[in-house]
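Have a look at the structure below, then the notes.
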Amino acid sequence: MLRFLTAGESHGRALVVIVEGLPAGLGVTTAELAAELARRRLGFGRGPRMRIEADEVTVLGGVRHGRTLGSPVAIEIANSEWPKWQEEMSPDPGLPTRLLTQPRPGHADLAGMQKYGFADARDVLERASARETAARVAAGYLAKSFLARLGMSIVSHVVAIGPVRVPDGIRPGPGDLDRVDQSPVRCFDPESETRMVEAIKAAAKDGDSLGGVVEVLAYGAPVGLGSHVHWDRRLDGLIAQALMSIQAVKSLEVGEGSDVASRRGSEAHDAITWDESARRYERVTARAGGIEGGMSTGGVIVARVAMKPLATLNRPVLGTVDVVTKAPAKSFKERTDVTAVPAMGVVAETMLALVLADESLRKFGGDSMAEVVRNRDGYLASLEEPPSSVPMPGG
């Protein structure tokens, strides 16, 4: 079982992530980890913090000479701006220099203040901030490295920003991730990319923000990840929970999602064929997004994640209430982006990779990578064989 835990605040000394359950012998490097964290800072429309936020990575444990040891992996991501915040965010007894008492609509501020009895919104926003996803991406790097050893790869691309949407049918393949990252908005369609950039510029001019949709794809997943036997083992349910946990994400679709609800059954499902040369079953279409009955089918896994426009605006127009005086007020403003949709795609890759890595370990098991790969190979070979027993009438 693979699990991870993050700790730390947006302007705190550092973020920390501990990943438990990785087998021994998985090759990892700090350079590759830093490169993956840099991808999270990609995207036209990001704010000034992304230009100064260099992720200083330290692997604290679980890795020796470029390979995992089978023990928990601990990673620290230092905050390069900590000297400016060490008084405000000090863990020692003291008082903040300023109380933030005008909660921002659309954020965790007010609900968190009420839930935990805080008078200062910073006690909430520092942990609720999407900066936390840097720690998730570090965990996701390990999960992606593990999946790559099993022949799986994860690719995301932006399919909508604001009113601009990529035409249906345009989708990157497993080798196209670098090409996607070269786009300023991580869009695979050059024509849509141009219109997305213009939409972001227009929103920035108005001091406003834009949301959008990312499609995340898993190539090479074998049949049988997840299970139909319990509600909390269903693969699509696990993916939904993971992707919906990303800050500002408001909806999720697997496969063709809500579109199939308006169709007849004859147009909503994927016909099955047998490929004799490959000795495997194939789906003629991919409407189910590579998951049926809570289990992977062996096809590409497809999920689309919708992110709302960021609630912190450069021209605050949303009213709020001061929690002390109860008087109408304008919310305080932290540094913000016009859009974070391209970066959200990198986080979506992370969360999908963590789910698939966990389910792969559940399916194949093993204390070392060699053992996991051997178990995987044996399972795949068994799929080409006829069933070991066929029930006969009357038992």
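The values are calculated or read from the model by the stated rules, or taken from the named source; none is laboratory data. All figures in this text were calculated on a predicted structure; none of them were measured in a lab. As a convention, Cβ positions derive from the backbone with ideal geometry for all residues, glycine included, and neighbour counts pool all protein chains shown. Please note that ligands, DNA and RNA were not included when accessible areas were found on the heavy atoms of the full protein model with its side chains. Shrake-Rupley method; radii C 1.70, N 1.55, O 1.52, S 1.80 Å.
Can you tell me the order of 216-226, 118-128 when each peptide is scored by its average per-residue count of other Cβ atoms within 10 angstrom, highest first?
216-226, 118-128
Using a basic spin-label model with each label point 7 Å from the Cα along Cα→Cβ, how many nm lie between residue 227 and residue 114?
That separation, rounded to one decimal, is 4.0 nm.
Over the chain, what is the relative contact order in whole percent, taking alpha-carbon pairs under 8 Å and six or more residues apart?
22
Once you have the Kirkwood Rh of the stretch 223-354 from its Cα pairs, apply Stokes-Einstein at 10 °C and 1.306 mPa s and quote D in µm²/s.
Estimated diffusion coefficient is 89 µm²/s.
Ranked from highest to lowest mean number of other Cβ atoms within 10 Å per residue, what is the order of the peptides 317-328, 132-143?
132-143, 317-328
Which FRET efficiency value, to the nearest 0.05, do you get for residue 82 and residue 278 by plugging their Cβ-Cβ distance into 1/(1 + (r/R0)^6) with R0 = 56 Å?
In this case the efficiency is close to 0.55.
What does the highest-first list of 196-204, 341-349, 261-269 look like by mean Cβ count within 10 Å?
Highest-to-lowest ranking by the protection proxy: 341-349, 196-204, 261-269.
So how far apart, in nm, are the two label points at residue 64 and residue 261 if each is 7 Å from Cα heading toward Cβ?
5.4
Keeping every protein chain in place, order 82, 231 by accessible area at 1.4 Å, biggest value first, i.e. largest first.
231, 82
At 1.4 Å probe size, what's the solvent-accessible area of residue 60? Round to the nearest 10 Å².
Solvent-accessible area, nearest 10 Å²: 110 Å².
Quick one, could you list the DSSP H helices from the chain stretching 30 Å or more along their long axis (Cα atoms) with average Kyte-Doolittle hydropathy of -1.0 or above?
341-364
Expressed in nm to one decimal, what extension gain is obtained for the pair residue 330 and residue 90 from 0.36 nm per residue of sequence separation less their Cα-Cα distance?
Length difference between fully extended and current span is 83.6 nm.
Please label the shape of the stretch 319-378 as rounded, prolate or oblate, based on the square roots a ≥ b ≥ c of the eigenvalues of the alpha-carbon gyration tensor (a/c under 1.5 means rounded; beyond that, a/b larger than b/c means prolate, else oblate).
prolate
For each pair in 115/144; 144/333; 144/363; 250/333, compute the distance between the two Cα atoms and list the pairs where it is over 25 Å.
In this structure, 115/144; 144/333 lie more than 25 Å apart at Cα.
Regarding the chain, what whole-number volume in Å³ per residue does the convex hull of its Cα atoms give?
It comes to 184 Å³ per residue, whole-number rounded.
Hey, what D do you get for the stretch 132-238 in µm²/s if you plug the Kirkwood alpha-carbon radius into Stokes-Einstein at 37 °C and 0.692 mPa s?
Stokes-Einstein gives a translational diffusion coefficient of 205 µm²/s.
Please work out the C-alpha center-to-center distance from the stretch 199-222 to the stretch 6-25 and express it in whole Å.
26
What does the helix-only formula give at 222 nm for the chain: each DSSP H stretch with n ≥ 4 adding -39500 (n - 2.57), the total divided by the residues, and the result rounded to the nearest 500 deg cm²/dmol?
Here the helix-only value at 222 nm equals -9000 deg cm²/dmol.
Considering only protein heavy atoms, with the full assembly of protein chains and a 1.4 angstrom probe, order 230, 65, 11 by accessible area, largest first.
65, 230, 11
Between residue 31 and residue 251, how high is the FRET efficiency from 1/(1 + (r/R0)^6) when r is the Cβ-Cβ distance and R₀ = 22 Å? Nearest 0.05.
Once the sixth-power term is evaluated, E becomes 0.05.
Solvent-accessible area of residue 250, probe 1.4 Å, all protein chains present, reported in Å² to the nearest ten, please.
Counting only protein heavy atoms, residue 250 exposes about 130 Å² to solvent.
Rg and Dmax of the stretch 16-165, Cα atoms, in Å?
According to the Cα coordinates of the stretch 16-165, Rg and Dmax are 18.6, 52 Å.
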